[in-house]
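Here the structure comes first, spelled out in structure tokens, and everything after it is commentary.
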Amino acid sequence: MKTEVLAGPERRRRWSAAEKSRIVAEMDAPGAQVAEIARRHGISRGLLYIWRRLARRERDEAALPGLVPVVVAAKPPACRLAGEGGVIEIALPGDVHVTVRGPVDAKGLRAVLAALRP
């Protein structure tokens, strides 16, 4: 068993992004056991799950476009206005389209868009 002695005022180890990525990649191997990976690297299982969640979030955020084209039209011919709210059409990656007709509740729209994220 490998033992590491930490001296000085800092008592925590620092992991580089490359080291974290390599360790998290071990979790995806067929038959991998998180407890064994954590034990081998001297870290907790919970920390491995945190690193994996953060890596997925960074990957998902990197896949989102930085700027999205927006077109505002008074009344497009193919679109009928529903009540006072009008129509909002949102095109998401993966050929997902969301159309909202009528008054828009911002909280509800946020919940719908959050549910569509992988």
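We did not get these values from a lab; they are worked out from the coordinates using the rules stated. All values reported here derive from a predicted model rather than from experimental measurement. Glycine gets a Cβ as well: all are built from the backbone with ideal geometry, and neighbour counts include every protein chain shown.
Looking only at region 13-36, count how many residues are within 11 Å of Trp51 (Cβ to Cβ) and exposed (fewer than 12 other Cβ atoms within 10 Å of the Cβ).
Residues flagged as within 11 Å of Trp51 (Cβ to Cβ) and exposed (fewer than 12 other Cβ atoms within 10 Å of the Cβ) within region 13-36 amount to 1.
Could you run through region 41-50 and say how many residues are under 9 Å from Ile23 (Cβ atoms) and part of a helix (DSSP H, G or I)?
Going through region 41-50 one residue at a time, the tally reaches 2.
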